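Derivation of every value follows stated rules applied to the coordinates shown; laboratory data play no part. Note that the coordinates shown come from a computational prediction; the quantities given were computed from them, not determined experimentally. Positions of Cβ are backbone-derived with ideal geometry, glycine not excepted, and every protein chain shown enters the neighbour counts.
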């Protein structure tokens, strides 16, 4: 089963020249969804993960079942103002401005072994901010996992150059 073959490409969305990689076609397919969760889970089964962190919002869809399968806790990282309790946050740059992600202050214990999950890596800004939050809280990042890598955009290269371990199930070169 090819995970990549279950991902739909939508040309010129949300802007002219963008090839949007849509995982909803992967998620709606029971075989595709199961293969995605099982492949990720298999990779981390022996890594003793304490917390799986899902990045808003598609990272929640993949991260929660992976956490369950690994016997780990699940922690959401959300856009600013979406979490109800006390948070810490980190700003990051977008193509068209800046944004902020936040995590609850009690979400990670010092020394927790953490797996970060998102649907794709493009520029890497959201993941980089998420990494900073986990490190600030004393978590040990085991790896950053994605369904899709868009290597031509440069985020995965930049994060690897910073010393982070990354894994993706498939990649699309534009």
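Over the chain, what is the mean sequence separation of C-alpha contacts under 8 Å (at least six apart), divided by residue count, expressed as relative contact order in percent? If you can, show how the numbers build up before the last one.
Details: 344 pairs, mean separation 30.0, N = 174.
After rounding, I find 17 percent.
Which order do 12, 6 fall in if you start with the one that has the fewest other Cβ atoms within 10 Å? Each step should come with its number before you reach the end.
On the way: 12 10, 6 20.
Fewest-to-most ranking of 12, 6: 12, 6.
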Within the set 71, 139, 59, GNM on the chain using Cα springs under 10 Å gives the largest fluctuation to 71
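Going by C-beta contacts inside 10 Å, put 16, 38 in order with the fewest on the left.
Values: 16 7, 38 13.
The most exposed by this proxy come first: 16, 38.
How much of the DSSP beta bridge set in the range 44-171 is antiparallel, as a percent to the nearest 5?
Values: 10 of 32 bridges.
DSSP beta bridges in the range 44-171 are roughly 30 percent antiparallel.
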Approximate spin-label separation residue 12-residue 86, in nm, with each point projected 7 Å along Cα-to-Cβ: 5.1
From DSSP H assignment alone, runs of 4+ in the chain each adding -39500 (n - 2.57), the sum over residues rounded to the nearest 500 puts [θ] at 222 nm at -9000 deg cm²/dmol
Cα-based shape type of the chain, given that a ≥ b ≥ c are square roots of the gyration tensor eigenvalues and the cut on a/c is 1.5: oblate
Projected label distance in nm at residue 96 and residue 79, using a 7 Å step from Cα toward the beta-carbon: 1.1
With a 10 Å Cβ neighbour count serving as the proxy for reagent exposure, in which order, fewest first, do 9, 36 appear? 9, 36
For the chain, with a Gaussian network of springs between Cα atoms less than 10 Å apart, report the residue from 77, 88, 62 with the top mean-square fluctuation. 88
For the range 57-110, what class follows from the C-alpha gyration tensor (a ≥ b ≥ c being the square roots of its eigenvalues): rounded when a/c is under 1.5, otherwise prolate if a/b is larger than b/c, else oblate? oblate
